[in-house]
Amino acid sequence: MEIFKQKQGDSLLISVEGELDASSSIDMDKAIEATINEGIYKLLINCEKLSYISSAGVGVFVSYVEDIKNKNGKIVFYKMQANVLSVLQILGLDKILSIAETEEEAKLILNEG
Amino acid sequence: MKAKLKAECSKEKLKYIRGFVKESIEILEATDLEKEQIVLAIDEVCANAIIHGNQTNDTKQIILEIDVTETSLKVDISDIGLYDPEELAGRNKDIADIVKDKQKGGMGLKLVYSIMDNVEYYIKNNMSICSLTKVLK
């Protein structure tokens, strides 16, 4: 798995490529933790090239949702592949997490109220 | 068709195990998405066995035995580690509470039980076995 970060104003765009499983989730955890420690609480997650996610990968994002919300921030995912989206749907997280189809839509959600 | 794999209890082996499972269930007459979900369910059980059952001790092994036809699948995942009954019970926790409690874990078994038709944990010959079955409708 590879993680690419790009600062965009007061938000951070994180592009994930490859498979996010119990092995690679540690790297994603470190990436998000570092972002929050820098005081950035608006995160866009580009999932276009994320080909697989297990519960360990989902757990990393889930564990930061409350802290980010408490800082008036948000995590918005976009361009999810069907298999990745289905994992969130099975868990019922598609109703809790912010998920957009396009980057433009994701940015609108990120910056709304 | 039957297939068997032994792998060390290392998280780095999970990708290799997924590749083996994907290849082994190729004959199953399911959609690509259904097959990917089955691979996920098996990955979750293997990850639990490797991390929680065997503390990622790579001198230990897990054994996968797959019995697959065009319409049915049975997978036995065996190891010498012990599963935690409380962890099994944790699968019933509400997802909103998992988010609120900032949990990283507790979702794997929710996926396994949702995707597979039957999930059974038991001990036989000093081995912990998780037996998963799926019959296509």
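No lab work stands behind these numbers, since they all come straight from the coordinates. What you see is a predicted model; the values in this text were computed from it and never measured. When we count neighbours, we look across all protein chains shown, and the Cβ atoms used for this are built from the backbone with ideal geometry, even at glycine.
Using Cα pairs under 8 angstrom and six or more residues apart, how large is the relative contact order of chain A, in percent?
Worked out over chain A, it gives 25 percent.
For a Förster distance of 45 Å, can you work out the FRET efficiency between the beta-carbons of B:Ile27 and A:Glu112, rounded to the nearest 0.05?
0.40
For the stretch A:13-95, which trypsin sites (Lys or Arg not before Pro) pass both filters: DSSP loop (anything but H, G, I, E, B) and at most 13 other C-beta atoms within 10 Å?
A:Lys71
Restrict the search to the stretch B:1-42; then list the GluC sites (Glu not before Pro) that DSSP places in a loop and that have at most 14 other Cβ atoms within 10 Å of their Cβ.
Passing both the DSSP loop test and the Cβ count: B:Glu26, B:Glu29.
From the residues B:Leu64, B:Ala7, B:Asn54, which one has its Cα farthest along the dipole of the protein assembly as shown in the positive direction, the dipole being from +1 and -1 charges on Cβ of Lys/Arg and Asp/Glu about the Cα centre?
The residue sitting farthest along the positive end of the dipole is B:Asn54.
Once you have the Cα-Cα distance between B:Lys6 and B:Asn92, take 0.36 nm times their residue separation minus that, and quote the gain in nm to one decimal.
27.9 nm
About the Cα centre of the protein assembly as shown, how large is the charge dipole given +1 on each Lys and Arg Cβ and -1 on each Asp and Glu Cβ? Please answer in debye to the nearest 20.
280 debye
For chain A, what is the percent of antiparallel DSSP beta bridges, rounded to the nearest 5?
Around 30 percent antiparallel, to the nearest 5.
Could you work out [θ]222 nm for chain B from helices alone, using -39500 (n - 2.57) per DSSP H run of at least four and dividing by all its residues? Round to the nearest 500 deg cm²/dmol.
Taking each H run of at least 4 residues, the total per residue is -10000 deg cm²/dmol.
For the stretch B:93-137 and the stretch A:52-99, what is the separation of their C-alpha centers, rounded to whole Å?
Rounded to whole Å, the Cα centres lie 19 Å apart.
Counting pairwise Cα distances across the stretch B:39-100, what percent come out greater than 18 angstrom?
Roughly 49 percent, once rounded to a whole number.
Whole percent per 10 Å bin, from 0 to the bin with the longest distance: what is P(r) over all C-alpha pairs of the stretch B:2-135?
Once binned at 10 Å, the Cα pair distances of the stretch B:2-135 give 12, 44, 34, 9, 0.
Per residue of A:49-62, how many C-beta atoms from partner chains lie within 10 Å of its own C-beta, taken as a mean?
5
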